[in-house]
Amino acid sequence: MRLFRRCERRGAAAAPRATPILDRVPLRVRQVFIAYLFLLPALAVMGTFQLFPMAHGFYLSLFDYSPLSPESEFIGLANFRRMFEDDIFYLSLMNSFLYLLVVPAIIVCSLGLAVLVEPNIPFVHFFRACYYIPVVTMMVVVALIWRFIFDTDRGLINQVLVTLNILGEGIPWLTSEAIALFTVMTVTLWKGLGYYMVLFIVGLKAIPNTLLEAARIDGAQPWQILLFIKVPLLLPTIALVAVLSCIAALQVFDEIFIMTGGRVGTSTLVFMIYETGIHDASMRMGYASAVGVVLFGIVLSFTVALWKFLEWLTAKVY
């Protein structure tokens, strides 16, 4: 009996142990699974507050829907056909495209600021903070201040120009269809400069000093170093700034709403969505969703096309 038990224990010890299920899964699959577990809370929030409303907007664009009506009727693409027959849509679309003129201005001005405050000069941190303050200031406050500055009768700019006898009467900055939209663009430009300036400063700091020193030894002037060394090496940062500012320009709303109320030819696609779906007495959410779908397609197309172009340009330069 003892011999039998001893052999039984030896056989159990020699028998291979069962492999856990997780050990059978490839290491790469386990790493990806664990990574998605960490991302799950963020994905849940994004899906709840971004992806689901986006999908619901696509769904509503196919219906004649209003919160004031208990019933919604499926009308297919009728909202889109109606939209392309609406003169207000084409005016808003033109203004949205016109607002993209602020993008090259933002790139040039923010890059210029970054070049000025990137070196370690006296009080450089103070100047960087001053340029960045508008970024952390609420757009409502910024728009109200600039609306007062651009006021035709009591605005600071017109008062100075009239007092100095430069102009006989004030310029209708916010009430003229010819310049109102460009006036609002200056506010967008002023508020966004600090944010994009920081991105360019990071890009400038990443440029190796050996390249700059070699150019100085060869006798290159500061403007030559900027144009032929710094700017080509900053193309990835320029691409990022261009994409971000382009998206922001196509989605602008606060400045227009507060400074002009969408009047005098300053209505954009985002403002049209607000007017149609919220401000209008009938609250045509289905029609507003159709406009939102078109705006989504425009933003996506511009972003992909711009990114591909800048990738091609970067490949050519490098």
Going through 215, 281, 220, 239 one at a time, which residue ends up being in contact with a helix residue (DSSP H, G or I) (Cβ under 9 Å, 6 or more places away or on another chain), over 24 Å from residue 186 (Cβ atoms) and in a loop (DSSP other than H, G, I, E, B)? 220
Could you grab me the full set of residues in segment 197-230 that are exposed (fewer than 14 other Cβ atoms within 10 Å of the Cβ) and of a type in the set (Val, Ile, Thr)? 202, 210, 217
Residues of segment 149-172 being surrounded by fewer than 11 Cβ atoms within 10 Å (Cβ to Cβ) and in contact with a Leu (Cβ under 9 Å, 6 or more places away or on another chain), which ones? none
Every listed condition ((1) more than 15 Å from residue 115 (Cβ to Cβ); (2) of a type outside the set (A, V, I, L, M, F, W, C); (3) in contact with a Ser or Thr (Cβ under 7 Å, 6 or more places away or on another chain)) holds for residue 196 save (1)
What number goes with the only condition from (1) over 22 Å from residue 247 (Cβ atoms); (2) exposed (fewer than 10 other Cβ atoms within 10 Å of the Cβ); (3) not assigned by TED's automatic domain parsing to the domain that holds residue 284 that residue 85 does not pass? (3)
Would a scan of segment 93-107 turn up a residue that is loosely packed, with under 12 Cβ neighbours inside 10 Å and outside any helix (DSSP H, G or I)? no
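The values are calculated or read from the model by the stated rules, or taken from the named source; none is laboratory data. The structure displayed is predicted, hence computed values, not measured ones. Cβ sites come from the backbone with ideal geometry, for glycine too, and all protein chains shown count toward neighbours.
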